[in-house]
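Beneath this line is the structure, given in structure tokens, with notes to follow.
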Amino acid sequence: MGFVIGGILVAAGIGLVFARISQGNKLMQIKGTQTVQTKELQELCADVAKEIGAGSFNQLAEVKGKSTCQTPLTSELAKAACVYFSMRVSREYEETYWDTDSNGHRVQRTRRGSDTVANNTREIPFYIQDDTGTVRVNPERASFVAEKVFSHFEPGEVSGPSLSFGGLTIALSGLGGSAATRTLGYRYEEDIIPIGRDLYVLGEASDSGGELAIQKPTDKKQKFIISVKSEEELVRSATSAMTALLVASAITATGGLAVIVLTAMGILVI
């Protein structure tokens, strides 16, 4: 058993290393891509179209400006005008279970958990507007750093086969549980990219669809980010994450190796 636990810890440490590499690539792309104004981007695209034809422009781009859209979405919980929303409803519960203590005695314990009741995510194309003009953003498959606009906990269980809140009705059939499980309540959360908000957008500028737009890069290694946080905030966040992942990976992998060695020496018996 000790070898299994040690192996799991080492594997987890390796996974954290790869997560740190991903954060490093993200940081390098953010810091290495120069911000361009929308007018300049449109002019570059027009110049390429004159030289080799429309539909040929393709380059990584970073733009900053306000989100605009003539027919925005309305988020499901906050009822806010937006170009993206992600809604989640989860059931929080408490359950009792049997465990074995250090003396080998059977004891009853309590733990809390949650399961997802419903979730929904939608996004639509929109425009980024800066002081020089606008450029279209096709947000499909983007990594969103959104603003939390709704968080509410409704205590207690519901009677009946569905859950209703703010005009939203959710069927509750199929939820797991047992006699030892007690529902504490339901948590409602929603994140959005609102209309008129200053955004940071990093992706690939291309006119392959007939109109210049920033979209998911064809190179899978490149990031596509739409964020309510500024470039500076994203850099700080990625840098902190890299430091935390480095420490966590070192501790986890070292601990796993220690468990394996001690088990092999017969010092640790699990």
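Computed from the coordinates by the stated procedures, all read-outs in this text should not be read as laboratory data. None of the values given here were measured: they were computed from a predicted structure. Heads up, the Cβs are rebuilt from the backbone with ideal geometry, glycines too, and the neighbour counts pull from every protein chain shown.
Tell me which trypsin sites (Lys or Arg not before Pro) from the range 162-267 have a DSSP coil assignment and no more than 12 other beta carbons within 10 Å of their own.
Counting only loop positions with at most 12 other Cβ atoms within 10 Å, the trypsin sites (Lys or Arg not before Pro) in the range 162-267 are Lys220, Lys221.
Using only alpha carbon pairs under 8 Å that are at least six residues apart, calculate the relative contact order of the chain and give it in whole percent.
Reported as a whole number, the value is 31 percent.
Among Thr254, Thr169, Thr110, whose mean-square fluctuation peaks in a Gaussian network model of the chain (Cα, cutoff 10 Å)?
Highest fluctuation among the options: Thr110.
On a full-extension model of 0.36 nm per residue, what is the gain between Ala49 and Phe165, subtracting their alpha-carbon distance, rounded to one decimal in nm?
Answer, rounded to one decimal: 36.6 nm.
Label points 7 Å out from Cα along the Cβ direction at Val107 and Ala244: separation in nm?
Placing both labels 7 Å beyond Cα along the Cβ direction yields 3.1 nm.
Over the Cα atoms of the chain, what radius of gyration and what Dmax do you get, in Å?
Considering the chain through its Cα atoms, Rg and Dmax are 24.7, 80 Å.
Which residue fluctuates most in the GNM of the chain (Cα springs below 10 Å): Tyr127, Tyr93, Tyr84?
Per the Cα network of the chain with a 10 Å cutoff, Tyr93 tops the list.
Between Gly185 and residues 5 or more places away or on another chain, which pairs have amide H atoms under 5 Å apart, with H built 1.01 Å from N, and which residues are they?
For Gly185, whose amide H was placed from the backbone, the distant partners under 5 Å are Glu92, Gly156.
What residue among Ser208, Trp98, Thr116 has its Cα farthest toward the positive end of the dipole of the range 38-229, where the charges are +1 on Lys, Arg and -1 on Asp, Glu, each on the Cβ?
Checking the options against the dipole of the range 38-229, the answer is Trp98.
Per residue of the chain, what 222 nm ellipticity follows from adding -39500 (n - 2.57) for every DSSP H run with n ≥ 4, rounded to the nearest 500?
Computed mean residue ellipticity for the chain: -10500 deg cm²/dmol.
Please identify the trypsin sites (Lys or Arg not before Pro) of the range 103-144 that satisfy two criteria: DSSP loop assignment and at most 14 other Cβ atoms within 10 Å. Which are they?
Taking the range 103-144 and a limit of 14 other Cβ atoms within 10 Å, the loop trypsin sites (Lys or Arg not before Pro) found are Arg141.
Using Cα pairs closer than 8 Å and at least 6 residues apart in sequence, work out the relative contact order for the range 27-180, in percent.
So the answer I get is 21 percent.
With all pairs of different alpha carbon atoms counted, what Kirkwood hydrodynamic radius in Å does the range 12-93 show?
17.4 Å
Checking the table Lys31/Lys66; Lys64/Lys220; Lys39/Lys216; Lys66/Lys216; Lys39/Lys79; Lys31/Lys216 against a 30 Å threshold on Cα-Cα, which pairs fail?
The answer is Lys39/Lys79.
What size of dipole, in debye to the nearest 20, comes out for the range 106-252 about its Cα centre when the only charges are +1 on Lys and Arg C-beta atoms and -1 on Asp and Glu C-beta atoms?
Using only the charged Cβ atoms, the result is roughly 1040 debye.
Suppose every K and R has +1 on its Cβ and every D and E has -1 on its Cβ; what is the size of the dipole of the chain about the Cα centre, in Debye to the nearest 20?
640 debye
Give a residue-ordered list of calculated ³J(HN,Hα) values for the range 157-165 (Karplus: 6.51 cos²θ - 1.76 cosθ + 1.60, θ = phi - 60°; whole Hz; x for Gly, Pro).
3J(HN,Hα) across the range 157-165, in whole Hz: 8, 9, 9, x, x, 9, 10, 10, 7.
Taking springs between alpha-carbon atoms closer than 10 angstrom, which of Gly104, Gly160, Gly15 fluctuates most in the Gaussian network model of the chain?
Evaluated over the chain, the most mobile residue of the options is Gly104.
Which aspartates and glutamates have a Cα lying under 20 Å from the Cα of Lys229, excluding residues fewer than 8 positions away in the same chain?
Partners within reach: Glu62, Glu123, Asp130, Asp131, Glu140, Glu147, Glu189, Glu190, Asp191, Asp198, Glu204.
Can you run phi through the Karplus equation (6.51, -1.76, 1.60; θ = phi - 60°) for the range 97-105 and list ³J(HN,Hα) in whole Hz, with x for Gly and Pro?
For the range 97-105, the Karplus-derived couplings read 8, 9, 9, 10, 7, 5, 9, x, 8 Hz, x marking Gly and Pro.
Taking the alpha-carbon centroid of each part, what is the distance from the range 241-262 to the range 27-83 in angstrom?
After rounding, the separation between the Cα centres reads 40 Å.
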